[in-house]
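**Student:** My questions all concern the structure below.
The values are calculated or read from the model by the stated rules, or taken from the named source; none is laboratory data. Please read these numbers as outputs of a predicted model, since none were measured by experiment. Virtual Cβ from ideal backbone geometry, glycine too; neighbours counted across all protein chains shown.
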Amino acid sequence: MAQVLRLWFTAAGDGGDPAQAETVIYKGASLPKTRDIAARFKSLEREVAFYRALAPKLPIATPKCWSAAPSTEAEPWLLLEDLAPKAALAPPIAMGSALTLLANLHHETLGNALTPINFLSNIKDLNGFIESQDPIIVEQLLRTVLPAGASLLLPILSGHMMIEGVLHHPGPVLCHGDFRWDNLSAASTGCVFDWGDYCMGPPAYDLGYFLATSTQDQNPTDATLSVWINHYLNAVNETTSDAHPTLSRTGLIQDILSLLPIIAWTPIMMLLTGAELPGTKQTYWRAVLTQCETLSAQLRRF
């Protein structure tokens, strides 16, 4: 969804060893096809605003933002801390640590109106993308990837996106919107980056998205999935009060089920840009779409 480059800085006239040079990450406008999607969701503009206003308020670590495009520039860009050197010195993030990180984000931001961007705004943008697609091509893609008789097929094709009013969560949290392994770093004992899709919304979206995008290669059993959900719930409900009402297990599972047709549209969007994606990414997003269906079947048994 963006062009991401690692930049090396060395002293003037010094060839130097790149391994010893200071580095930063540049993030700017993406390739033509995915640029259309990024522009629709204003991903880069949203991320610039995040580092200027929200990052210092969060209970979890994010990259340092060294510089950002001024509002007068035609296209947004960011210069961010390169997390790779710190991550190389830290142990990998385990599943439990990732779930605790997500729970901390949700617990500490519950009911805090940190941004006027809400979940319904994201759904409106998503519906705009859906309406711009050829329904025949979308159906052909889904029938190629999903198994015959998939329960998510009709909800996805209907274009009916669940409205927030029917969900069971006790209040909006700051949703990352793209919480998956690719956007987590072991630096600082767990650091979250790629904040172009954040909004105030239901916690079940981030959790369901993480389970769909980050567990497909583990083939979790019902028992394993239950352990992960319980781990998240125990962490997010660790300190409950009137200001932090308990998130129920039944409500959380029902919300994930309701949101899975929406979550599934991320891999669909990426697969519709297939010509712009390397083969490994196409394989990844196909597996994510399949995992959405698998996850739906598993959660219905809970």
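**Student:** Take P85 and decide whether it is in contact with a helix residue (DSSP H, G or I) (Cβ under 9 Å, 6 or more places away or on another chain) and either among the β-branched types (V, I, T) or within 19 Å of A61 (Cβ to Cβ) (or both).
**Tutor:** For P85, the condition - in contact with a helix residue (DSSP H, G or I) (Cβ under 9 Å, 6 or more places away or on another chain) and either among the β-branched types (V, I, T) or within 19 Å of A61 (Cβ to Cβ) (or both) - is met.
**Student:** So which residues in region 56-70 are closer than 18 Å to S185 by Cβ and touching a residue at least 24 places away in the same chain (Cβ under 8 Å)?
**Tutor:** Answer for region 56-70, where residues must be closer than 18 Å to S185 by Cβ and touching a residue at least 24 places away in the same chain (Cβ under 8 Å): L58, P59, I60, A61, T62, P63, W66.
**Student:** In region 221-235, is there at least one residue being hydrophobic (A, V, I, L, M, F, W, C), surrounded by 18 or more Cβ atoms within 10 Å (Cβ to Cβ), within 18 Å of the chain's Cα centre (by Cα) and modelled with pLDDT of 95 or more?
**Tutor:** Scanning region 221-235, I find at least one residue that is hydrophobic (A, V, I, L, M, F, W, C), surrounded by 18 or more Cβ atoms within 10 Å (Cβ to Cβ), within 18 Å of the chain's Cα centre (by Cα) and modelled with pLDDT of 95 or more, so the answer is yes.
**Student:** Look through region 84-95, keep the residues that are surrounded by 12 or more Cβ atoms within 10 Å (Cβ to Cβ) and at pLDDT below 95, and return whichever of them is nearest to the chain's Cα centre (by Cα).
**Tutor:** Restricting to residues being surrounded by 12 or more Cβ atoms within 10 Å (Cβ to Cβ) and at pLDDT below 95, the top hit is I93.
**Student:** What number of residues in region 195-208 are of a type outside the set (A, V, I, L, M, F, W, C), in a helix (DSSP H, G or I) and either closer than 18 Å to T62 by Cβ or in contact with an Asp or Glu (Cβ under 6 Å, 6 or more places away or on another chain) (or both)?
**Tutor:** 1
**Student:** Now for a separate question. So for region 109-131 (the condition being β-branched (V, I, T), outside any loop (DSSP other than H, G, I, E, B) and in contact with a His (Cβ under 8 Å, 6 or more places away or on another chain)), does at least one residue qualify?
**Tutor:** no
**Student:** Could you go through region 162-177 and let me know if any residue there is part of a helix (DSSP H, G or I), under 27 Å from S43 (Cα atoms), without any contact (Cβ under 8 Å) to a residue 12 or more places away in the chain and out of contact with any Phe, Trp or Tyr (no Cβ under 9 Å at 6 or more places or on another chain).
**Tutor:** yes
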